[in-house]
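Participant: The following block contains the structure, expressed as structure tokens.
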Amino acid sequence: MLVGYISNIKQEMPLYPAALQTGLNFLGKADLANLALGRHEIEQDRIYASIAEYETEPKNKRRPEAHKKYIDIQYVCSGAEMIGVAPLEQAREVDEDCLAERDVIFYRQIPDETDLTLLPGMFAIFFPWDVHRPNCSLGDKTGRVRKVVVKIAVDAI
């Protein structure tokens with residue numbers, strides 16, 4: 001997992017592989033506040049972005065998840081959310097396996113999660129060896145979030 005600020009991306013860009021640079025460049029250059037919700041192709045199925053708006057939920061209502069074929073770059077445009085994060089090896093009990101259909105596997109819970117707060121302008125990169133529980137509320141209050149998730153095929157790296 002990596003966490004950063006899009007405002008620092010020019011200094012950090014040379015440190016990332018080309019496919020991650022493509023995804024981060026999209027976040028830095030696109031008019032994310034005005035792009036339509038839904039999927040936006042960057043490089044066909046190899047790299048694409050999904051834009052969503054939603055209300056965060058209490059952490060106990062969200063399921064930890066992981067992906068096998070894609071790396072996530074999750075970027076908060078507006079609002080704020082908490083994401084629980086842990087190494088995949090801590091994942092114990094599978095709740096639902098949708099890897100074949102949607103490249104996502106859900107777990108019942110993950111012990112010793114780290115709570116990561118994403119504020120506007122921040123991104124987090126989750127690799128297949130990271131379990132993450134996105135869209136969680138900060139404290140007791142739910143909030144409206146606009147987020148972009150850039151999906152990068154592992155084989156593009």
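Participant: Give the residues of region 105-135 that are closer than 19 Å to His67 by Cα, part of a strand (DSSP E or B), under 12 Å from the mean Cα position of the chain (by Cα) and not small (Gly, Ala, Ser), sorted by residue number.
Facilitator: Leu116, Phe123, Ile125, Phe126, Asp130, Val131, His132, Arg133, Pro134, Asn135
Participant: Just name the residue that is farthest from Arg46 (Cα to Cα) out of those in region 136-156 that are assigned to a strand (DSSP E or B) and of a type in the set (A, V, I, L, M, F, W, C).
Facilitator: So in region 136-156, the residues assigned to a strand (DSSP E or B) come out as 136, 138, 141, 144-153.
This time we only want the ones that are of a type in the set (A, V, I, L, M, F, W, C), so: 136, 138, 145, 148-150, 152-153.
On the way: Cys136: 28, Leu138: 32, Val145: 26, Val148: 16, Val149: 14, Val150: 10, Ile152: 6, Ala153: 5 Å.
Checked region 136-156; the qualifying residue farthest from Arg46 (Cα to Cα) is Leu138.
Participant: Between a first residue in region 69-83 that is touching a residue at least 60 places away in the same chain (Cβ under 8 Å) and crowded, with 21+ Cβ neighbours inside 10 Å and a second residue that is among the acidic types (Asp, Glu) and outside any strand (DSSP E or B), which pairs have beta carbons less than 7 Å apart while being 6 or more apart in sequence or on different chains?
Facilitator: Tyr70/Asp103
Participant: Give me a count of the residues in region 41-68 that are in a loop (DSSP other than H, G, I, E, B), surrounded by fewer than 14 Cβ atoms within 10 Å (Cβ to Cβ) and either of a type in the set (Gly, Ala, Ser) or within 14 Å of the chain's Cα centre (by Cα) (or both). Break it down stepwise before answering.
Facilitator: If we filter region 41-68 for residues that are in a loop (DSSP other than H, G, I, E, B), which is where we start, we get 44, 46, 56, 58, 62-64, 67-68.
When the remaining residues are screened for being surrounded by fewer than 14 Cβ atoms within 10 Å (Cβ to Cβ), the result is 44, 58, 68.
Still in the list and also either of a type in the set (Gly, Ala, Ser) or within 14 Å of the chain's Cα centre (by Cα) (or both): 68.
The qualifying residues number 1.
Participant: Does at least one position in region 95-108 carry a residue that is hydroxyl-bearing (Ser, Thr, Tyr) and farther than 20 Å from Asn135 by Cβ?
Facilitator: Step one: filter region 95-108 for residues hydroxyl-bearing (Ser, Thr, Tyr), giving 107.
Right, trim to farther than 20 Å from Asn135 by Cβ and you get none.
Scanning region 95-108 turns up no residue that is hydroxyl-bearing (Ser, Thr, Tyr) and farther than 20 Å from Asn135 by Cβ.
Participant: Hey, another quick one. Kindly evaluate Thr22 against the criterion of being crowded, with 17+ Cβ neighbours inside 10 Å, polar (S, T, N, Q), within 30 Å of Asp112 (Cα to Cα) and touching a residue at least 12 places away in the same chain (Cβ under 8 Å). If you could, list the steps in order and put the result at the bottom.
Facilitator: Numbers: crowded, with 17+ Cβ neighbours inside 10 Å: yes; polar (S, T, N, Q): yes; within 30 Å of Asp112 (Cα to Cα): no; touching a residue at least 12 places away in the same chain (Cβ under 8 Å): yes.
Spelling it out, it is not the case that Thr22 is crowded, with 17+ Cβ neighbours inside 10 Å, polar (S, T, N, Q), within 30 Å of Asp112 (Cα to Cα) and touching a residue at least 12 places away in the same chain (Cβ under 8 Å).
Participant: Pick from region 147-157 the residues that are under 12 Å from the mean Cα position of the chain (by Cα) and of a type outside the set (Val, Ile, Thr): which of them is surrounded by the most Cβ atoms within 10 Å (Cβ to Cβ)?
Facilitator: Ranking the qualifying residues of region 147-157, first place goes to Lys147.
Participant: Please go through region 1-42 and give me each residue that is hydroxyl-bearing (Ser, Thr, Tyr) and in contact with a helix residue (DSSP H, G or I) (Cβ under 7 Å, 6 or more places away or on another chain), ordered by number.
Facilitator: The first filter runs over region 1-42 and keeps only residues hydroxyl-bearing (Ser, Thr, Tyr), leaving 5, 7, 16, 22.
Across region 1-42, the qualifying residue is only Tyr16.
Participant: Among the residues of region 88-104, what is the count of those that are part of a strand (DSSP E or B) and loosely packed, with under 15 Cβ neighbours inside 10 Å?
Facilitator: Narrowing region 88-104 to residues part of a strand (DSSP E or B): 94-98, 104.
Checking which are loosely packed, with under 15 Cβ neighbours inside 10 Å leaves us with 94-98.
Summing the residues that are part of a strand (DSSP E or B) and loosely packed, with under 15 Cβ neighbours inside 10 Å in region 88-104 gives 5.
The numbers here are math on the coordinates, done by the rules we state, and not lab data. Remember, predicted model here, so these are calculated numbers, not experimental data. Positions of Cβ are backbone-derived with ideal geometry, glycine not excepted, and every protein chain shown enters the neighbour counts.
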